Amino acid sequence: MNYLLNTYARFDVAFVKGENATLWDKEGNEYIDFTSGIGVVSVGHSNVRLANAICDQANRIIHISNLFRIPPQEKLAEMLIVRSPMEEGGVFFCNSGAEANETALKIARKYGEVNGEIKRYKVITLENSFHGRTISTLKATGQPKFHQYFGPFPDGFEYAKNIKDIYNRIDDKTIAVMIELIQGEGGVNPFDKEEIQELEKELRKRDILLIVDEVQTGIYRTGEFLASNLYEITPDIITLAKGLGGGVPIGAVLTNLTDVLKPGDHGSTFGGNYLSTRVGIEVLYILDDYYKSSQLKETIEYFEAKLLEVAREFPDKFDSVSGIGLMRALRAHSSEIRDEVVKRAFENKVLVLKAGSNSVRFLPPLTITYKEIDEGFDRLKDALKDDS
Ligand SMILES: *Cc1c(COP(=O)(O)O)cnc(C)c1O
C-alpha cells in the first residue's frame, strides 16, 4: 500500500473471491458481507447473470464515446424513467454519485439563469446530508467537518436544520432544494413522508426545483425502485449511482426538465458507455425479478426482524433500529460503542459499516439469502457478547 495515498482507514484484509453476500480472503477465511461495497453490489458478488452480461458486452464493444448513438444507453434511460415516478423525462449518464449531483446542480443553475427576470442560483441542502466529494458537492454536503481545508467553495449553498427550516431559508434567489429522503452517510435518518409531500407541493408552487439525491436510496434499496416511489413524490431531478451498476461505475440523472441542457452544456467521456449501461440493464432485470416475486419484501422483513432482535438483546449498546428496506442501522448509545461494535464484528467475520456519529449501518446485497442473514447475525451477536 506504500504507493497509495493515505485517504482511507482500511481494514487489513484483501478479499479474493465473493459469492452473493459471502467473501473469502486469501487464507480462505469466510466473511458475511452486510456492506455490499457501500450499497453498490446490489445483486451480490459474482452474480452469474451480471458476469455473463459483462463478458458478452466486453466481447462486442465496451466504449465508443457519446459522439455516436449507444443503444443500451437509450434502453437503460427508458427503463429508469418508466420505473421512476416521472411520467416522462430524460436521463444523463455519468460515472459516480458526486458527478450525478454535479449534473443536477448544473441543470438547476441553468434553469435558474434562463427562467425569470433575475438569476436564481441558490441551492438549499440539509445539515447532516452527504452529496459527494467534488468541490461543489462537498459544499452541498451539510457537514462542516468535510469543509475544512478545501475552500474557497462555489457560492450559493445554504443549509437548513430540518425540512421545516427549508421554508425559512428560501428567498428570491433560491432555485432548488436538494435532499436525500433517507440520509445515509449522515446516520440512516428517514424523513417523514407527509413532510416531504408537503415540501414537494410548496416548492412546486414557488417554481423551486426539488432535487432528490437517491445515490444510496435508489435501485430497490428501500424495497421500492426509488425512495421517491415509496414517498409518492415526483422530484424535478433524481440522481442515482451506487446500486445501479452492481459494482461497475455508473451514475445517472433523471429529470423532467428535458430541454434545459443543450449540446455543449455538459458531458462525460465515459458516461453511459456500452459496458456500464448494459450492466445497468441487467441489474434492473435481476432486481425486477426479485421485486415482482416478493422475494425482496420477504428478505427485508426477515432482516428487519433480526435487527430488532439484536436491539432487544443488547439494550446496553443500542437505543433503536432505524432505516427502511435494506438500508438500516442500529443506533448505538455512543460513537465509542459504535466503533467497538464495528471492530468486533470484523474480528468475528461479519462486515458492517459506520454512519453518522453513532450508527452501525447495514447495506447488504439485495439478493442476500436467509442463510447468509442468519450466519451474519449469529456472528454479530457473538461479537456483542464477548464483553470483557
Ligand atoms: C455515496 C453517496 C454520494 C457520492 O457518491 P460517489 O459515487 O462516491 O461520488 C452522494 N450522495 C449520496 C446520498 C451518497 O450516499
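The values are calculated or read from the model by the stated rules, or taken from the named source; none is laboratory data. What you see is a predicted model, and the numbers here were worked out from it, not measured in a lab. Cβ placement follows ideal geometry from the backbone for every residue including glycine, while neighbour counts extend to all protein chains displayed. Side chains are part of the model used for accessible areas, which takes the heavy atoms of the whole protein and leaves out ligands, DNA and RNA. Shrake-Rupley method; radii C 1.70, N 1.55, O 1.52, S 1.80 Å.
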Which condition number in (1) within 30 Å of S228 (Cβ to Cβ); (2) in contact with a strand residue (DSSP E or B) (Cβ under 7 Å, 6 or more places away or on another chain); (3) surrounded by fewer than 16 Cβ atoms within 10 Å (Cβ to Cβ); (4) outside the structural domain of L226 (by TED's automatic domain parsing) is the one that T258 fails? (4)
Testing G218 on (1) without any contact (Cβ under 8 Å) to a residue 60 or more places away in the chain; (2) crowded, with 22+ Cβ neighbours inside 10 Å; (3) away from the ligand (no atom under 16 Å from the Cβ), one condition comes back false. Which one is that? (3)
Condition check: more than 21 Å from V188 (Cβ to Cβ), touching a residue at least 12 places away in the same chain (Cβ under 8 Å) and either surrounded by 14 or more Cβ atoms within 10 Å (Cβ to Cβ) or assigned by TED's automatic domain parsing to the domain that holds E87 (or both). Does Y290 satisfy that? yes
Just one of the numbered conditions (1) open to solvent by 20 Å² or more (accessible area, probe 1.4 Å); (2) on the phi < 0 side of the Ramachandran plot is not true of L307; which one? (1)
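Would you pick out the residues in region 309-326 that are of a type in the set (A, V, I, L, M, F, W, C) and assigned to a helix (DSSP H, G or I)?
Matches in region 309-326: V310, A311.
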Can we say R331 is touching a Phe, Trp or Tyr at 6+ places or on another chain (Cβ under 8 Å) and either of a type in the set (K, R) or in contact (Cβ under 8 Å) with a residue 60 or more places away in the chain (or both)? yes
The lone condition S36 fails out of (1) open to solvent by less than 70 Å² (accessible area, probe 1.4 Å); (2) more than 19 Å from E375 (Cβ to Cβ); (3) hydroxyl-bearing (S, T, Y); (4) not assigned by TED's automatic domain parsing to the domain that holds Y121 is (2)
Does L80 satisfy the criteria of being closer than 28 Å to T277 by Cβ, crowded, with 24+ Cβ neighbours inside 10 Å and more than 16 Å from the ligand (Cβ to nearest atom)? yes
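Yes/no per residue for (1) touching a Leu at 6+ places or on another chain (Cβ under 9 Å); (2) touching a residue at least 12 places away in the same chain (Cβ under 8 Å); (3) over 22 Å from L50 (Cβ atoms); (4) surrounded by 22 or more Cβ atoms within 10 Å (Cβ to Cβ):
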position: G246; (1), (2), (3), (4): yes, yes, no, yes
position: G267; (1), (2), (3), (4): no, yes, yes, no
position: G271; (1), (2), (3), (4): no, yes, no, yes
position: F314; (1), (2), (3), (4): yes, yes, yes, no
position: K317; (1), (2), (3), (4): yes, yes, yes, no
position: L326; (1), (2), (3), (4): yes, yes, no, yes
Boolean, F93 is within 16 Å of the ligand (Cβ to nearest atom), open to solvent by 30 Å² or more (accessible area, probe 1.4 Å) and in contact with a Gly (Cβ under 7 Å, 6 or more places away or on another chain): no
When the residues of region 96-109 are narrowed to those that are part of a helix (DSSP H, G or I), open to solvent by 30 Å² or more (accessible area, probe 1.4 Å) and touching a residue at least 40 places away in the same chain (Cβ under 8 Å), which ends up farthest from the ligand (Cβ to nearest atom)? R109
Say we look at region 243-258 and pick out the residues that are among the polar types (S, T, N, Q) and part of a loop (DSSP other than H, G, I, E, B); which of these is farthest from the ligand (Cβ to nearest atom)? T258
Could you please find all residues in region 124-160 being more than 14 Å from the ligand (Cβ to nearest atom) and either in contact with an Asp or Glu (Cβ under 6 Å, 6 or more places away or on another chain) or open to solvent by less than 10 Å² (accessible area, probe 1.4 Å) (or both)? I124, Y159, A160
